[in-house]
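Report on the structure given below.
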Amino acid sequence: MNEAFFALPEEKRQRILNAALEAFAKHEYKKASTDDIAAKAGISKGLLFYYFHNKKELYLYLLEYANEAVRRAAQEANLREETDFFEMLEKGARAKTGILEQNPYLLDFTVRSFYSSQEEISQAVAASYQQKVGSAFPDYFSHIDFSKFREGADPAYLFRMLTWMTDGYMHEARQRGIPVDSGTVMEEFRRWSQIFRRMVYREEETGGVPGGKPEEPAQEKGADTE
């Protein structure tokens with residue numbers, strides 16, 4: 001990759017990145033057109049390949065860029081100040097949705113890249129994700145209060161389950177041609193988190209009853225409600 005790309009004004013860099021993210025989000029790697037990326041970015045194809053020597057280099061940079069954007073968002077959200085497992089997950093998810101304001105196609109790109117297979121880029125993508133998932137739990141959860149969990153519960157496995165569910169939800173939406181809306185994803189994520197919280201947290205951490213919040217005392221028939 002040519003260092004001249006980083007010398008460009010921020011607005012121009014973002015225009016190039018968003019054009020590439022959109023192309024790779026909407027199309028498989030092989031079918032994504034560098035001509036379209038250059039046209040969308042408002043530069044020549046020759047200039048695009050001056051910054052990125054080839055299509056594969058551009059794609060791999062986008063993977064790095066997406067990972068760094070998520071890491072930076074997590075850092076800015078001060079996730080290490082949160083000791084509750086589920087509260088930190090939701091706080092992190094909210095931080096990630098803020099990325100979409102600057103890069104609206106980043107989420108779709110990430111989902112499509114995760115499910116890429118039998119493509120020229122697939123092996124490199126798989127290696128990138130394996131490294132990211134392998135280091136995510138110890139990096140982000142070392143400060144969490146795991147004493148809240150029931151005996152036998154596996155927080156690391158639970159984290160992977162929630163990740164799989166979120167990715168699967170977005171993948172299904174993309175397969176059906178439904179735009180991936182960050183607000184809807186957050187709503188579903190909260191529902192899943194609440195279900196798992198009741199399953200894996202000790203009762204005293206969910207209000208003292210298996211269902212989560214303690215039940216309201218029943219109103220006696222004929223009692224004064226004023």
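The values are calculated or read from the model by the stated rules, or taken from the named source; none is laboratory data. Just so you know, these numbers come straight off a predicted model, no measurement behind them. Note: ideal-geometry Cβ built from the backbone for every residue, glycine included; neighbour counts use all protein chains shown. Accessible surface is based on the protein model in full, side chains and every heavy atom, while ligands, DNA and RNA are left aside. Shrake-Rupley method; radii C 1.70, N 1.55, O 1.52, S 1.80 Å.
Accessible area of W164, 1.4 Å probe, to the nearest 10 Å²?
130
How large a share of the accessible area of segment 1-59, in percent, is made up of carbon and sulfur atoms when the probe is 1.4 Å and the other protein chains stay in place? Walk me through the intermediate numbers first.
Values: 1570 of 3010 Å².
Carbon and sulfur: 52 percent of the exposed surface of segment 1-59.
If ligands, DNA and RNA are left out, what is the accessible area of Y115 with a 1.4 Å probe, given in Å² to the nearest 10?
80
So, in nm, how far is label E64 from label T184 when the simple model puts each one 7 Å beyond its Cα toward the Cβ?
Using points 7 Å along Cα→Cβ, the separation is 3.4 nm.
Provide the gained length on full extension for the span L8 to M165, in nm with one decimal, where the gain is 0.36 nm per separating residue minus the Cα-Cα distance. Before the final figure, lay out the partial values.
Working: separation 157, 0.36 × 157 = 56.52 nm, distance 3.81 nm.
Extending this stretch completely gives an extra 52.7 nm.
Beyond 28 Å between alpha-carbons counts as too far, so tell me which of K31/K91; K12/K56; K45/K96 fall in that bin. Write down the numbers at each step before the final one.
Details: K31/K91 36 Å; K12/K56 21 Å; K45/K96 31 Å.
Table pairs above 28 Å Cα-Cα are K31/K91; K45/K96.
Which of the GluC sites (Glu not before Pro) found in segment 1-44 are in a DSSP loop and have at most 15 neighbouring Cβ atoms, other than their own, within 10 Å? Could you put the intermediate results ahead of the total?
Values: sites: E3, E10, E11, E22, E28; in loops: E28.
Answer in residue order: E28.
How much FRET efficiency would the formula 1/(1 + (r/R0)^6) give for Q123 and E204, where r is the Cβ-Cβ distance and R0 is 35 Å, rounded to 0.05? Walk me through the numbers on the way to the answer.
Details: r = 48 Å, r/R0 = 1.36.
With R0 = 35 Å, the Cβ-Cβ based efficiency is 0.15.
Sequence neighbours fewer than 8 away in the same chain don't count; with that in mind, list the aspartates and glutamates whose C-alpha is under 20 Å from K30.
Here the aspartates and glutamates satisfying the reach criterion relative to K30 are E22, E57, E64, D108, E119, E120.
Using 1/(1 + (r/R0)^6) with R0 = 30 angstrom and r between the beta carbons of I195 and E76, what's the FRET efficiency to the nearest 0.05? Could the numbers behind the result be given before it?
Details: r = 29 Å, r/R0 = 0.96.
After rounding to 0.05, the efficiency reads 0.55.
Whole number in Å², please: accessible area per residue of segment 1-68, 1.4 Å probe, ligands, DNA and RNA not counted.
50
In the full protein assembly as shown, how much of L158 is accessible to a 1.4 Å probe, in Å² to the nearest 10?
Only protein atoms counted, so the area is about 10 Å².
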